[in-house]
Amino acid sequence: MALEIIKYGHPVLREKGKRIDRVTAVIRQLAADMVETMYAADGVGLAAQQVDQPLLLTVIDVSATEHPWTITPALSMPLILVNPVLSHPVGEQTGNEGCLSIPEVSAQIRRAAQVTVRAHDLDGRELHFECTGLLARAAQHEVDHLNGILFVDRMDAATRASISGKLKKLQKETEATLDKPKKSRRSLVRS
Ligand code: ZN
């Protein structure tokens, strides 16, 4: 089931993800729904915060893009990363970046050219890989989300200033929807 994507201005996007100690059937379903949501929105990655769940869980699939990337050792997409941690940033890349939670905004963002990712998959197996190019960019963008960081925070001051009007408008629109009572907030974190 494709889920609603949370937009800029919603406080859950600023929450740090809670560590997942046990992959339950509910977490498994959430991951499947996140993959479906990412494909439906034509995205290359999605973090749990973006579907209103502050958990350390993200999904990534860069296989359909034209931008170069590598993963060593090879793993098939979509990647479903439970409790991911990045390390060993190498070099630098600057490229265009956008975010499903911040529609109609894109900008050049500087990221590490290569990162090492450690995580677990849904079956509890350890994943440990190096990635470059667009995959490294996506991993950094998504792990930022898991820490409550958005790509607008990584913009230089001039770029940030140039999109501040769009951000304010989006924030207002999001806040207006927050005032309405929610029908049912499916929460995995709070009881
Ligand atoms: Zn994003």
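The values are calculated or read from the model by the stated rules, or taken from the named source; none is laboratory data. These numbers come from a predicted model, not from an experiment. So basically every Cβ, Gly included, is an ideal-geometry build from the backbone, and we count neighbours across all protein chains shown. Just so you know, the surface numbers come from the protein's heavy atoms only, side chains and all, with ligands and any DNA or RNA stripped out. Shrake-Rupley method; radii C 1.70, N 1.55, O 1.52, S 1.80 Å.
Numbers for the structure displayed
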| item | result |
| --- | --- |
| Accessible area (Å², 1.4 Å probe, nearest 10) - Leu178 | 60 Å² |
| Cα point-scatterer Debye curve for the stretch 86-191, base-10 log of I(q)/I(0) at q = 0.13, 0.22 Å⁻¹ | -0.65, -1.17 |
| Charge dipole (debye, nearest 20) of the stretch 11-177; +1 at Cβ of Lys and Arg, -1 at Cβ of Asp and Glu | 480 debye |
| For the chain, calculated [θ]222 nm from helices alone, where every DSSP H run of n ≥ 4 adds -39500 (n - 2.57) | -8500 deg cm²/dmol |
| 5 angstrom amide H check on Lys18, placed H, neighbours 5+ away | Leu55, Leu56 |
| Accessible surface of Ser106 - all protein chains present, 1.4 Å probe, nearest 10 Å² | 70 Å² |
| Thr132 accessible area, 1.4 Å probe, all protein chains in place, Å² to nearest 10 | 40 Å² |
| Positive-end extreme of charge dipole, the chain - chosen from Tyr8, Ala74, Thr177 (charges on Cβ) | Thr177 |
| Positive minus negative residues near Glu175 (Lys, Arg vs Asp, Glu; Cβ under 12 Å) | +3 |
| Aspartates and glutamates with Cα under 19 Å of Lys16, excluding same-chain neighbours fewer than 8 positions away | Asp52, Glu142, Asp144, Asp153 |
| Rg(Cα) / (2.2 N^0.38 Å) computed for the chain, rounded to two decimals | 1.00 |
| Order of exposure, largest accessible area first, which applies to Met77, Met34, Met1 with probe 1.4 Å | Met1, Met77, Met34 |
| Order of exposure, largest accessible area first, which applies to His88, His120, His128 with probe 1.4 Å | His88, His128, His120 |
| Positive-end residue, the chain charge dipole about Cα centroid, Cβ charges, pick of Leu100, Ala64, Leu188 | Leu188 |
| Residue-wise HN-Hα coupling along the stretch 90-106, computed from phi with Karplus coefficients 6.51, -1.76, 1.60 (Hz; x: Gly, Pro) | 10, x, 8, 9, 10, x, 6, 9, x, 8, 5, 8, 10, x, 6, 10, 9 |
| ³J(HN,Hα), Karplus 6.51/-1.76/1.60, whole Hz, each residue of the stretch 33-50, x for Gly, Pro | 5, 5, 4, 4, 5, 4, 5, 4, 9, 6, x, 9, x, 8, 9, 4, 4, 6 |
